[in-house]
Amino acid sequence: MPVTNASDVYYDPYDVGINADPYPVYRRLREEAPLYYNDRHDFYAVSRFEDVDRALTDPATYISGRGNILELIKIDMEIPPGVVIFEDPPMHATHRRLMSGVFTPKKVAALEPKIRAFCARSLDPLVGAGGFDFVSDLGAQVPMLTIGMLLGIPENDQEWIRDRVDEGLRPEAGQPMDTSKFFADSDMFAQYIDWRAEHPSDDIMTDLLRAEFEDETGTRRRLTREEILLYVNVITGAGNETTNRLIGWIGKILAEHPDQRRELVENPALIPGAIEELLRYESPSHQIARYVAKDARLHGQVVPEGSAVIFLNGSANRDDRRYPDGDRFDIHRKAGGQLLTFGRGIHFCLGAALARMEGRIALEEILKRFPEWEVDQDNAEFNPMAAVRGWDSLPVRTP
């Protein structure tokens with residue numbers, strides 16, 4: 001029997017009006033309906049920090065093998081092997097170990113000068129121009145250059161690939177995602193993988209082609225071609241979309257808080273903490289869906305086996321119980337390393353350190369060149385998609 005909502009609060013992940021500013025609804029969910037049921041789309045929503053944190057570290061109850069997006073869970077799609085974010089143990093542990101070697105602290109740290117050079121290449125031509133676009137001029141460029149470099153994709157092809165991946169991830173406003181497109185474009189990487197098989201190099205594709213491992217059956221083997229295609233597809237999508245959104249939010253939020261922006265100009269040592277606060281205050285990812293593998297009890301009610309649950313990490317990151325005055329942006333806040341922006345538990349984002357570093361470097365390089373800006377709101381374009389929320393275009397004026 002579905003949970004009974006004691007409150008009249010309404011949450012719908014496809015409602016463009018709600019997603020344009022979800023925080024008033026999130027607050028009401030946390031206070032009035034911490035376990036919420038939407039009968040129109042047949043899903044549950046959990047919004048408090050403690051509940052989301054606990055659930056994401058319970059992969060036996062809330063499984064990923066049916067997908068982490070509501071639309072995938074609802075259609076019961078068979079998930080192909082190799083999509084590590086949609087896998088459960090033991091297969092997940094096997095595939096995650098392979099991918100974790102790509103994002104070791106040493107390898108991530110070695111990328112800093114290259115990422116800084118990408119930022120400089122994007123920003124230097126804009127100095128003195130009177131303005132630029134945080135998304136098209138920077139957010140859409142640096143993450144793709146970084147991931148393309150890691151994968152070994154030629155720069156001439158990167159923009160085309162980025163646009164293809166984005167198209168598959170973004171639904172029409174107010175509509176569920178078209179799940180038929182979700183894995184359809186994996187074969188666009190086939191030519192690069194076939195080339196790397198014959199011409200190995202120092203990149204992720206070569207590492208994946210050479211990797212040997214013991215799979216969940218105890219068999220020693222290499223990844224199949226299909227698995228490598230899906231790995232590369234996942235890395236490309238995850239590495240582009242969320243970091244792109246983060247850079248857009250840097251432009252918007254710091255324009256709205258000029259005093260704090262000036263502090264960062266005067267004291268760049270505050271920038272890493274500012275990135276943490278930006279990731280908390282405007283998380284690029286707002287929800288993580290799970291399939292309920294066995295009856296779960298939350299707030300005195302039962303979420304039955306077979307249900308779909310959305311864990312609202314975008315709400316949890318503003319929960320006053322965890323972050324006092326959570327709707328206030330404060331670069332001096334001590335988040336304590338417990339943000340839910342990158343998930344939690346066995347599916348914690350492997351690229352979190354890289355995303356943080358890209359955001360930090362981007363902000364450092366922006367402030368060196370543009371200590372002040374204001375948003376050209378009339379020409380800004382917002383994409384109110386619930387899963388990955390942010391700006392398609394954020395033009396700003398500079399002195």
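The values are calculated or read from the model by the stated rules, or taken from the named source; none is laboratory data. From a predicted model like this one, the values you see are computed outputs, not experimental measurements. Note: ideal-geometry Cβ built from the backbone for every residue, glycine included; neighbour counts use all protein chains shown. Remember, those area values only see protein heavy atoms, side chains included, never the ligands or the DNA or RNA. Shrake-Rupley method; radii C 1.70, N 1.55, O 1.52, S 1.80 Å.
Pop the C-beta distance of ARG116 and THR217 into the FRET formula with R0 = 56 Å and round what comes out to the nearest 0.05.
About 0.80, to the nearest 0.05.
For the range 44-152, what are Rg and Dmax over the alpha carbons, in angstrom?
19.4, 55
Report the one residue of ALA60, ALA117, TYR36 whose Cα lies farthest in the direction of the positive end of the charge dipole of the range 1-135 (charges on C-beta: Lys and Arg +1, Asp and Glu -1; origin at the Cα centre).
Farthest towards the positive end: ALA117.
Tabulate in residue order the Karplus-calculated ³J(HN,Hα) for the range 383-399, using 6.51 cos²θ - 1.76 cosθ + 1.60 with θ = phi - 60°, rounded to whole Hz; enter x for Gly and Pro.
10, x, 6, 6, 5, 10, 10, x, 9, 7, 8, 9, x, 10, 9, 10, x
If you take the square roots of the eigenvalues of the alpha-carbon gyration tensor of the range 259-312 and sort them as a ≥ b ≥ c, do you get rounded (a/c under 1.5), prolate (a/b over b/c) or oblate?
prolate
Multiply the residue separation of ASP15 and THR224 by 0.36 nm, subtract the distance between their alpha-carbon atoms, and state the gained length in nm to one decimal.
Going from the current span to full extension adds 71.3 nm.
Considering only TRP195, ASN383, THR219, whose Cα is most displaced toward the positive end of the charge dipole of the chain, charges sitting on Cβ of Lys, Arg (+1) and Asp, Glu (-1)?
THR219
What FRET efficiency, computed as 1/(1 + (r/R0)^6) with R0 = 30 Å and r the Cβ-Cβ distance, is obtained for ASP157 and ARG210, rounded to the nearest 0.05?
My answer for the efficiency is 0.85.
If I model a spin label at ARG97 and ARG321 as a point 7 Å from the Cα along the Cα→Cβ vector, what separation in nanometres do I get?
About 3.7 nm, to one decimal.
Would you work out the charge dipole size for the chain about its Cα centre, treating the Cβ of every Lys and Arg as +1 and the Cβ of every Asp and Glu as -1, and quote it to the nearest 20 debye?
1160
Assign one of three labels to the range 282-399, namely rounded, prolate or oblate, based on the Cα gyration tensor with a ≥ b ≥ c the square roots of its eigenvalues; rounded applies when a/c is under 1.5, prolate when it is not and a/b is larger than b/c, and oblate otherwise.
Prolate is the answer for the range 282-399, as a/c is 1.5 or above and a/b outweighs b/c.
Hey, what did the chain get for relative contact order, percent, Cα under 8 Å, at least 6 apart?
Computed value for the chain: 27 percent relative contact order.
For the range 13-78, rounded, prolate or oblate, judged on the Cα gyration tensor with a ≥ b ≥ c (square roots of eigenvalues), a/c < 1.5 rounded, else prolate if a/b > b/c?
Oblate.
Dipole size in debye (nearest 20) for the range 185-236 around its Cα centre, Lys and Arg Cβ +1, Asp and Glu Cβ -1?
Here the size comes out at about 140 debye.
Would you mind getting the Kirkwood hydrodynamic radius of the chain from its Cα pairs, rounded to one decimal in Å?
21.9
Please report, in debye to the nearest 20, how large the charge dipole of the range 241-331 is about its Cα centre when each Lys and Arg carries +1 at its beta carbon and each Asp and Glu carries -1 there.
About 340 debye.
Given the protein chains as shown and a 1.4 Å probe, how many square angstrom of TRP160 are accessible, to the nearest 10?
Taking all protein chains as shown, TRP160 has close to 110 Å².
Could you work out how much longer the chain between THR398 and GLN377 gets when fully extended? Use 0.36 nm per residue separation minus the Cα distance between them, nm to one decimal.
Fully extending the segment from THR398 to GLN377 adds 6.2 nm.
Lysine pairs in the chain with alpha-carbon atoms under 28 Å apart, 8 or more places apart or on different chains: how many are there?
12
Could you pull the Rg and Dmax for the range 228-321, using just the Cα atoms, both in Å?
18.3, 54
Each residue of the range 374-381 in turn: what ³J(HN,Hα) in whole Hz from Karplus with 6.51, -1.76, 1.60 and θ = phi - 60°, glycine and Pro shown as x?
Each residue of the range 374-381 in turn: 9, 6, 7, 4, 5, 10, 6, 10 Hz.
Out of the total accessible area of the chain (probe 1.4 Å, heavy atoms of protein only), what percent is carbon and sulfur?
Exposed carbon and sulfur together represent 50 percent of the surface.
Got the relative contact order for the range 309-374 handy, in percent, Cα pairs under 8 Å and 6 or more residues apart?
Here the relative contact order equals 23 percent.
So what is the accessible area of the range 259-359 per residue, in Å², with the probe set to 1.4 Å?
37
Enter the accessible area per residue of the range 1-89 (Å², integer; probe 1.4 Å; all protein chains in place).
I get 42 Å² per residue for the range 1-89.
Using 0.36 nm per residue, how much length does the chain from ASP39 to ARG297 gain when fully extended, once their Cα-Cα distance is taken away?
Separation in residues times 0.36 nm, less the Cα-Cα distance, equals 91.0 nm.
Between the range 326-389 and the range 245-307, what is the C-alpha centre distance in whole Å?
Result: 8 Å between the Cα centres.
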